[in-house]
1. Working out 0.36 nm times the residue gap between residue 35 and residue 52, then minus their Cα-Cα distance, what length gain in nm do you get to one decimal?
2. How much length is gained on full extension from residue 70 to residue 4, taking 0.36 nm per residue of separation minus their Cα-Cα distance?
3. Residue 44 versus residue 91, label points 7 Å from Cα toward the beta carbon: distance in nm?
4. Could you sort 63-69, 35-41, 76-82 so that the peptide with the highest average Cβ count within 10 Å comes first and the rest follow in order?
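Read-outs throughout are calculated quantities, based only on the coordinates presented, and are distinct from any laboratory measurement. Since the model is a prediction, treat every value here as computed from it, not as a measurement. All Cβ positions, even for glycine, are placed from backbone atoms using ideal geometry, and neighbour counts span all protein chains on display.
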Amino acid sequence: MGLSATTAFASALIVAMAGVAVLQHANNTAEDGADYLRSKGFTEVTGGERVFFAACDKGSIAREYKAFDINGQSVEKTVCGSLLGKYAPLFESHKQPAKLNP
């Protein structure tokens, strides 16, 4: 591969990665995750920040929330969503997040 072919490949890869990021953000908004938690009975849902080292499956987008469960207890929840966005259901992560500093 010559220099121009390598540059073209790298440029195409960057554009593709940016496109995926835009689709992920547009298809799995913070409000979508909050609505999901409300539909499961959680109240006073806040947050929705994207997290990159969460306990979601590979290829999933994770957002973290704070809310109150049906017993009035404050909980932290991670809601996962697929790149397919509206065409795939959101789900709650039941795995423990990996600890970066044990």
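1. Length gained, residue 35 through residue 52: 4.0 nm.
2. 17.8 nm
3. About 3.0 nm separates the two model spin labels.
4. 76-82, 63-69, 35-41
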